[in-house]
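Participant: First the structure, then my questions, so here it is.
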Amino acid sequence: MPTAMHAPPAKGLRRRSLAFVLLTLAVGGCKKPAVSTTPRSGKPSYDVGAIDLTAFPADPAVFGRVLLMPFGEAAARLASLKFTARSTFVFSRGTEEYEQNDVSVVVQDSQSNFHVVLDTPENETEVYLIGETLYVRQDRGYLRSKPRRDLEPEFWTEVAFASMREALSLFSPKLRLAEPRPEVVAGRNATRYSLSLATKPEEATPVPTALPRPILPVAPPSRWRELARPLDLQGALWIDATTGVMMRLQLEGQLEIADRQVRPTQLQVRFDAGITEVGKVAAVKAPDSIPEFRRVDRPKNLLGFFSEYLEPDTDKPAKSGKADKGAKAR
């Protein structure tokens, strides 16, 4: 993704993963949804109460409740699932072009064990959570195990799942959800909403862009989002009729980034994500791994093992002991 708007979108662009870009773009404020709590066991728990979908998407509170739902809550509502997201971003300016493709896959079983793969042009990250043990691999390295308590395992599942709401937020404040109709998705009853750009402000559905908490502790890329203007959008969003979970999002859109007056940068977005295998995921098994490398503490006296071969230090004062007692007696 571009780090400066005057840089060309091909040769001058630094490669950034889509997960990085989408999840660091969130700015502004909105009403926060019900968030997880962490009991003494270290595992988060979620509010899985019923959501009144009759007010979706007109009621901002209900709309935000659905779009800002964390992955852990979605998994708790559906018992087990597989989530897959594929995205393509194409930046072009004149004859220059830069394309980026990303794939994210999350499989979680009924015991909250999961397997995540985040594949971007920069690297591939693979993560397992089995009980209280976390296994992490970067690119072609070894899977290394470490205690769950050392990290927040939910970080990786949220990176993947949050891409749906962040893809939608690219087209705010012109996003319009309309024409709801019942359909079956992944064997479940759902409501399909058509996506388009509103021609009038009152027809738009404002997208909550503030996440419940920061996902990555970094600043957003240099202002390209603020300069982007949606030009076209088509697609659909499917919401589970029972739980309110976003079951699928499919969209194609175009944005113009007003980085200069003549031939500004164009951005083509293709995004397809969805949940499958609801309640049918087999138990996620622990993979082959090696323990996390830990550096041992350096000894306080580096030459202690060699002390018997060293000459005594005559410059040091005598230690207090019998000699001192004798001096006091005299």
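Participant: Label residue 150 and residue 227 with points 7 Å out from Cα along Cα→Cβ: what is the distance between them in nm?
Facilitator: Taking the simple label geometry, residue 150 and residue 227 are separated by 4.2 nm.
Participant: Could you derive backbone 3J(HN,Hα) for the stretch 122-137 from the dihedral phi with the Karplus parameters 6.51, -1.76 and 1.60 (θ = phi - 60°), listing whole Hz in sequence and x where the residue is Gly or Pro?
Facilitator: Karplus-based 3J(HN,Hα) across the stretch 122-137 equals 7, 6, 10, 10, 10, 9, 10, 10, 10, x, 9, 10, 10, 10, 10, 9 Hz.
Participant: So how many Å³ per residue does the convex hull of the Cα atoms of the stretch 102-183 work out to?
Facilitator: Convex hull of Cα atoms, per residue: 139 Å³.
Participant: Right, next: So for each of 276-284, 85-93, 65-73 I average, over its residues, the number of other beta carbons within 10 Å; can you give me the resulting order with the highest mean first?
Facilitator: Details: 276-284: 15.2, 85-93: 19.2, 65-73: 22.8.
The peptides rank, most packed first, as 65-73, 85-93, 276-284.
Participant: While we're looking at this one, here's another question. Show the residues, 5+ positions off or on another chain, whose built amide H is closer than 5 Å to the amide H of residue 205.
Facilitator: Those qualifying (amide H under 5 Å, at least 5 residues apart or on another chain) are 175, 176, 177.
Participant: First measure r as the distance between the Cβ atoms of residue 45 and residue 90, then evaluate 1/(1 + (r/R0)^6) with R0 = 56 Å and state the FRET efficiency to the nearest 0.05.
Facilitator: Values: r = 41 Å, r/R0 = 0.73.
Here the calculated transfer efficiency is 0.85.
Participant: May I pose another question? For residue 232, list long-range residues whose amide hydrogen, built 1.01 Å from N in the peptide plane, is under 5 Å from its own amide hydrogen.
Facilitator: Close amide H contacts, sequence-distant or interchain: 254.
Participant: A 21 angstrom limit on the alpha carbon distance is what I want to check against. Which of 82/146; 43/146; 82/285 exceed it?
Facilitator: Those over the limit are 82/146.
Participant: What are the residues whose amide H is under 5 Å from the amide H of residue 183, where those residues sit 5 or more places off or on another chain and H is modelled from the backbone?
Facilitator: 190, 191, 192
Participant: At 0.36 nm per residue, and after removing the present C-alpha to C-alpha distance, how many nm does the segment from residue 290 to residue 256 gain when stretched out fully?
Facilitator: The residue 290-residue 256 span can extend by a further 7.5 nm.
Participant: Note the full-extension length gain between residue 189 and residue 79 as 0.36 nm times their separation in residues minus their Cα-Cα distance, in nm to one decimal.
Facilitator: Working it through step by step, the gained length comes to 38.0 nm.
Participant: Sort 139, 47 by Cβ crowding within 10 Å, fewest neighbours at the top. Walk me through the numbers on the way to the answer.
Facilitator: Values: 139 9, 47 14.
The order, fewest Cβ neighbours first, is 139, 47.
Participant: Can you compute 3J(HN,Hα) from phi for each residue in the stretch 184-201, using the Karplus curve 6.51 cos²θ - 1.76 cosθ + 1.60 with θ = phi - 60°, rounded to whole Hz and x for Gly and Pro?
Facilitator: In residue order, the calculated couplings are 9, 10, 6, x, 10, 6, 9, 10, 9, 10, 6, 9, 7, 9, 6, 8, 10, x Hz.
Participant: Now for a different question. With θ set to phi - 60° and the Karplus curve 6.51 cos²θ - 1.76 cosθ + 1.60, what are the ³J(HN,Hα) couplings of the stretch 158-168 in order, to the nearest whole Hz, using x for Gly and Pro?
Facilitator: Whole-Hz 3J(HN,Hα) from phi for the stretch 158-168: 6, 4, 6, 5, 5, 4, 5, 5, 6, 5, 5.
We did not get these values from a lab; they are worked out from the coordinates using the rules stated. Model, not experiment: these values are computed from the prediction. Note that we place each Cβ from the backbone using ideal geometry, even for glycine, and neighbour counts take in every protein chain shown.
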